[in-house]
1. Quick one: would you say ALA55 is among the aliphatic types (A, V, I, L, M) and modelled with pLDDT under 90?
2. Return the pairs, sorted by first residue and then second, in which the second residue is at pLDDT 95 or above, the first residue lies in segment 20-46 and is open to solvent by 90 Å² or more (accessible area, probe 1.4 Å), the beta carbons are less than 8 Å apart, and the residues are 6+ apart or on different chains.
3. Taking the criterion of being more than 22 Å from ARG101 (Cα to Cα) and open to solvent by less than 60 Å² (accessible area, probe 1.4 Å), would at least one residue in segment 75-89 satisfy it?
4. Cβ-Cβ under 7 Å, sequence separation 6+ or interchain: first residue in segment 54-74 and within 14 Å of PRO41 (Cβ to Cβ), partner of a type in the set (A, V, I, L, M, F, W, C) and in a helix (DSSP H, G or I). Which pairs?
5. Out of the residues in segment 102-112 meeting the condition of being loosely packed, with under 15 Cβ neighbours inside 10 Å and touching a residue at least 24 places away in the same chain (Cβ under 8 Å), tell me which one is farthest from ALA42 (Cα to Cα).
6. What are the residues in segment 61-113 that are over 30 Å from ASP25 (Cβ atoms) and in contact with a Phe, Trp or Tyr (Cβ under 6 Å, 6 or more places away or on another chain), if any?
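The values are calculated or read from the model by the stated rules, or taken from the named source; none is laboratory data. These figures come from a predicted structure and were not determined experimentally. Quick reminder, even Gly has a Cβ in these numbers, built from the backbone with ideal geometry, and neighbours come from all protein chains shown. Heavy atoms of the whole protein, side chains included, go into the accessibility calculation; ligands, DNA and RNA do not. Shrake-Rupley method; radii C 1.70, N 1.55, O 1.52, S 1.80 Å.
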Amino acid sequence: MKAREAQAACPPPDVRPDLRPVEGDRADAELADLAKALGHPARVKILRILATRNACVCGELVDELPLAQSTVSQHLKVLKDAGLIRGELSGPRTCYCLEPRAVRRLKALVGAL
């Protein structure tokens, strides 16, 4: 592991069942917001990278994407604002993990189409 690839353990996921409806105006708006956050291939790739890790990921995301650090940071911000990932401070960096409950919600909303 490279020195700049510090990893931190992700907090345990929330395993409570999500009882919100998957149809209706609110669910449609929620799905549209999540789909908008996934509207760029780099953000989809970031989610795929995070999904394969058992720990939060810090600097190595930049190494795995053909993008500048500032561009990766902007994509991470969009995903975080949408609630699909979470960022945990680890020293001077922020390490990112999937937000499992949000990913499950996305799957449920898409599955209800």
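1. yes
2. Here the result reads ASP33/ALA82; LYS36/ALA82, each pair linking segment 20-46 to a residue that is at pLDDT 95 or above.
3. No, segment 75-89 has no match at all.
4. The qualifying pairs are GLU64/ILE49; LEU65/ALA42; LEU65/VAL72; LEU67/ALA42; VAL72/LEU61; VAL72/VAL62.
5. The extreme case among them is ALA112.
6. Across segment 61-113, the qualifying residue is only GLY87.
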